[in-house]
Each structure stands twice: as C-alpha cells, then as structure tokens.
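The values are calculated or read from the model by the stated rules, or taken from the named source; none is laboratory data. Because the structure is a prediction, the values reported are computed rather than measured. So basically every Cβ, Gly included, is an ideal-geometry build from the backbone, and we count neighbours across all protein chains shown. Only protein heavy atoms, including side chains, enter the accessible area calculation; ligands, DNA and RNA are left aside. Shrake-Rupley method; radii C 1.70, N 1.55, O 1.52, S 1.80 Å.
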Amino acid sequence: QVQLVESGGGLVQTGGSLRLSCAPSNSSHGGRFYAMGWFRQAPGKERELVARINWHSESTYPLDSVKGRFIISRGNAPNTIFLQMSSLQPEDTALYSCAGRVIPTTDPTRFDYWGQGTQVTVSS
C-alpha cells in the first residue's frame with residue numbers, strides 16, 4: 001500500500017509564500033504514478049482539486065483561482081511533487097493533501113492514493 005506524506009504547510013501572512021512537498025513514505029510502489037495532484041479542503045467546504053500534473057508529459061492543470069499564483073511541479077524522485085504557492089490569501093486557508101493514480105481516467109479528480117494532508121493557514 002502506497003502512502004504519501006506531505007510537508008511544508010504552516011502559518012503565513014497574506015501575500016506570503018509556501019512550498020509544499022509530497023513524497024511516498026515507503027518504496028512499495030515500484031512504478032511511477034500516471035498523474036498526481038494537490039487537493040485542498042477548508043472547514044465547511046467541499047474538497048477541490050487545486051492542481052494536477054501528468055507525470056510523463058509534465059502537463060499541468062491548475063484551478064482557475066490559483067493560476068499565476070500556484071505552480072505544481074514534479075521532482076526527480078519517483079512520485080514526488082511540489083506546490084509552490086505565492087501571493088497567498090486568507091481564502092487559501094485549508095488542509096492540503098496530495099494524491100496519485102496509476103492509470104489514466106476520464107475523471108480528472110479521481111485519485112487512488114492519498115496523503116493525510118498538511119495545514120496551510122493564511123492570516124489577514
């Protein structure tokens with residue numbers, strides 16, 4: 001069973017930046033994910049897909065509300081991704097989780113492997 005671990009969350013002021021990281025906690029999944037993504041969920045709101053990346057093509061698909069502020073990228077190590085967040089706003093406050101899937105799907109929000117999340121809090 002693949003487990004993903006996020007890091008890099010914290011408390012930041014409006015306009016600040018954070019860099020989130022996601023990596024497997026073990027090497028049980030020998031191959032690379034087809035795609036990985038970052039989700040976020042704020043209290044009382046539904047979880048939303050912030051950005052996703054296809055591993056081989058490195059094509060990225062950010063949420064409209066974060067375009068120009070958040071950048072998703074992948075690392076050289078298998079199944080490792082990052083989320084560089086800048087110009088953070090209070091509405092970006094949420095639990096951020098990373099996820100991965102092995103095969104393509106017509107549902108871009110479908111992922112099979114998840115981390116437990118890292119909290120991002122933006123103070124006004």
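Anything in region 24-50 that is crowded, with 18+ Cβ neighbours inside 10 Å and either free of Cβ contacts under 8 Å to residues at least 24 places away in the same chain or small (Gly, Ala, Ser) (or both)? List them, or say none.
Here is the first cut: in region 24-50, the residues crowded, with 18+ Cβ neighbours inside 10 Å are 24, 33, 35-40, 50.
If the condition is that a residue be crowded, with 18+ Cβ neighbours inside 10 Å and either free of Cβ contacts under 8 Å to residues at least 24 places away in the same chain or small (Gly, Ala, Ser) (or both), then Ala35, Gly37 are the ones that fit.
Report, by residue number, each residue of region 37-77 that is among the basic types (Lys, Arg) and under 10 Å from the mean Cα position of the chain (by Cα). Residues satisfying the conditions are Arg40, Arg52. Taking region 51-92 as the range and being assigned to a loop (DSSP other than H, G, I, E, B), open to solvent by 70 Å² or more (accessible area, probe 1.4 Å) and closer than 24 Å to Leu11 by Cβ as the test, only Gly68 passes.
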